[in-house]
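Student: Here's a structure for you.
What follows draws every value from the coordinates through simple rules; no lab data is involved. Just so we're clear, the structure is a prediction, and the values are computed from it rather than from any experiment. Here the Cβ positions follow ideal geometry from the backbone for every residue, glycine too, while neighbour counts run over all protein chains shown.
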There are 2 protein chains.
Amino acid sequence: MTATTAAAPPHKLTSKGQATRARILEQAAELIYTKGVHATNNEQLRRAAGVSGSQLNHYFPTKESLVLAVIAWQAERVLTFHRGERFNCFDNLDALRAWADFYVGYERAYQEGCTLGSLASEIIKTDLDVHDELASAFDQWRGIFRDGIERMQQLSRISAEADPTQLANLLLAAFQGGMLLAQVARDIAPLKDALQTAIDHVQTFATSPDAGVLQAR
Amino acid sequence: MTATTAAAPPHKLTSKGQATRARILEQAAELIYTKGVHATNNEQLRRAAGVSGSQLNHYFPTKESLVLAVIAWQAERVLTFHRGERFNCFDNLDALRAWADFYVGYERAYQEGCTLGSLASEIIKTDLDVHDELASAFDQWRGIFRDGIERMQQLSRISAEADPTQLANLLLAAFQGGMLLAQVARDIAPLKDALQTAIDHVQTFATSPDAGVLQAR
């Protein structure tokens, strides 16, 4: 149901089988992130993962099954990263600034964009039946920011007048749009501007000048 | 050099030739907007435009030449729309609100996204040599917002403390990211939220409560 569970193998595999499947998946995710879905073919994937055509076919009988698994794999990585301790559930403005800094400093951002968003953009118009998987992943991602802003409100760090869902959509849109603009410009500046300004906007709701400072760990 | 000039035929054509080329281009833009670049093939395009294979090949000998022309065509439409009288060079906040309202009310926004951004996202990782064309189009688009914000400052409608380039990147990123999120969610709400909140942020720099009101036409 969730993007996370879909990353698990669909049926019982031996530990060796699981390792092979994981290796294929990791290589597929890397190839797709670098070259895009359409330019990634079985031959490249077979060589990168060191598997035979029949092995590849055993684990991923169709391109759709492979793309679905890569979406789930990338979604799990993105969501796990955002849920990590370093961001403390985004319950303070400093966490949002640290998050922006991380991606602005990520050298592949303006080359290849967001690992999940660039994949979504590439296939959203195709016939691949991956829509529910993408929608679930982005819903969860947006939920992380929304929950963080609601928590900031509960902690009286930002005003109750802020709309958590609106602000979460602004943050995620600034991130996705900034990634695209950075790729097009081959320059990180548009992403940096968009994230910084979106977070500045969240900060306009701060209840005190030091509301951004992390008060408890 | 600019996206606009590239939309013109690359060499002298008769008026009949120009009309044929324009018809192919319009149909190609529509097919690509609906189905994506990869799913659009010559056979569909030939039928949609009512031309022979040799005619198609005459005007667009390669897929790259066709995609380049479609980028230029879409860029010209987007830029012309944004430069139109209805937005008065974006020299006031009401114009930004009207712009957001237009796209939030555009029924294809959450189905097919931005005519230019969705195309850019789909091909940014491919080998197609379209990067300069895309970068030029997005530079000009960003420039429209930046110039508008600078004009708002000259008219003392918003504070001199606002950074026009940063705000222009926020607006364009919120637009592009909001379009992607809307497509993924099959719901216009993420775009609406992102645009409204981005414009709210520009408004935090307003010098007076009525700064958004258009003062002169």
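Student: Once the label point is placed 7 Å from Cα along Cβ, list for B:GLY84 the distances to the corresponding points in the other copies, in nm, shortest first.
Tutor: 4.6
Student: If the cut-off is 19 Å between C-alpha atoms, which aspartates and glutamates fall inside it for A:LYS63, apart from same-chain ones fewer than 8 positions away?
Tutor: Partners within reach: A:GLU26, A:GLU30, A:GLU43, A:GLU122, A:ASP127, A:ASP129, A:ASP132, A:GLU133, B:GLU122.
Student: As I understand it, the value is the acute angle between the Cα axis of helix A:164-185 and the longest principal axis of the Cα atoms of chain A; what does it come to in degrees, rounded to 10?
Tutor: Here the helix axis deviates by roughly 60 degrees.
Student: I'd like the GluC sites (Glu not before Pro) in region A:116-217 restricted to DSSP loop residues with at most 11 other Cβ atoms within 10 Å, sorted by number.
Tutor: Values: sites: A:GLU122, A:GLU133, A:GLU150, A:GLU161; in loops: A:GLU161.
Of the GluC sites (Glu not before Pro), the ones in loops of region A:116-217 whose Cβ has at most 11 other Cβ atoms within 10 Å are A:GLU161.
Student: In region B:6-203, with Lys and Arg counted as +1 and Asp and Glu as -1 at Cβ, which of these residues, B:ALA95, B:PHE175, B:THR126, has the Cα nearest the positive end of the dipole, that is, farthest along it?
Tutor: B:THR126
Student: Okay, next question. Restricting things to alpha carbons, find the Rg to Rh ratio for region A:130-214 using the Kirkwood radius for Rh.
Tutor: Working: Rg = 14.3 Å, Rh = 13.8 Å.
Rounded to two decimals, Rg over Rh is 1.04.
Student: In debye to the nearest 20, how big a dipole does region A:79-217 give about its Cα centre with +1 on each Lys and Arg Cβ and -1 on each Asp and Glu Cβ? Walk me through the intermediate numbers first.
Tutor: On the way: 12 positive and 20 negative charges, 69 e Å.
It works out to roughly 340 debye.
Student: Another question about this same structure. Once the Cβ-Cβ distance between A:ASP139 and A:THR204 is put in as r, and R0 is 25 Å, what FRET efficiency do you end up with, to the nearest 0.05? Spell out each step's value before the answer.
Tutor: Details: r = 26 Å, r/R0 = 1.04.
So, using R0 = 25 Å, E works out to roughly 0.45.
Student: Quick check: the distance between the Cα centres of region B:149-164 and region A:167-198, to the nearest angstrom?
Tutor: 22
Student: Considering only C-alpha atoms, what is the centroid distance from region A:35-88 to region B:90-126, in Å?
Tutor: Using only Cα atoms to place each centre, the spacing works out to 30 Å.
Student: At 7 angstrom along the Cα-to-beta-carbon line, where would the label on A:HIS58 sit relative to the other copies? Give the distances in nm, shortest first.
Tutor: 5.6
Student: In debye, nearest 20: dipole of the protein assembly as shown around its Cα centre with unit charges on the Cβ of K, R (+) and D, E (-)?
Tutor: Working: 42 positive and 50 negative charges, 239 e Å.
Result for the protein assembly as shown is approximately 1140 debye, rounded to the nearest 20.
Student: In degrees between 0 and 90, to the nearest 10, how far off the longest principal axis of chain A does helix A:63-82 point, with axes built from Cα atoms?
Tutor: Once rounded, one gets 30 degrees.
Student: Specify which residue in the list A:GLY148, A:SER159, A:PHE138 is farthest towards the positive end of the charge dipole of region A:118-161, using unit charges on the beta carbon of Lys, Arg (+1) and Asp, Glu (-1), about the Cα centre.
Tutor: A:SER159
Student: Ok, one more. Exceeding 24 Å between C-alpha atoms, which entries from my cross-link table qualify? They are A:LYS35/A:LYS125; B:LYS12/B:LYS125; A:LYS125/B:LYS192. Display every interim value, and only then the final one.
Tutor: Working: A:LYS35/A:LYS125 18 Å; B:LYS12/B:LYS125 32 Å; A:LYS125/B:LYS192 21 Å.
Going by Cα-Cα distance, B:LYS12/B:LYS125 fall outside the 24 Å limit.
Student: Inter-copy label distances at A:GLY143, 7 Å along the Cα→beta-carbon direction, one decimal in nm, shortest first?
Tutor: Ordered by distance, the counterparts are at 4.5 nm.
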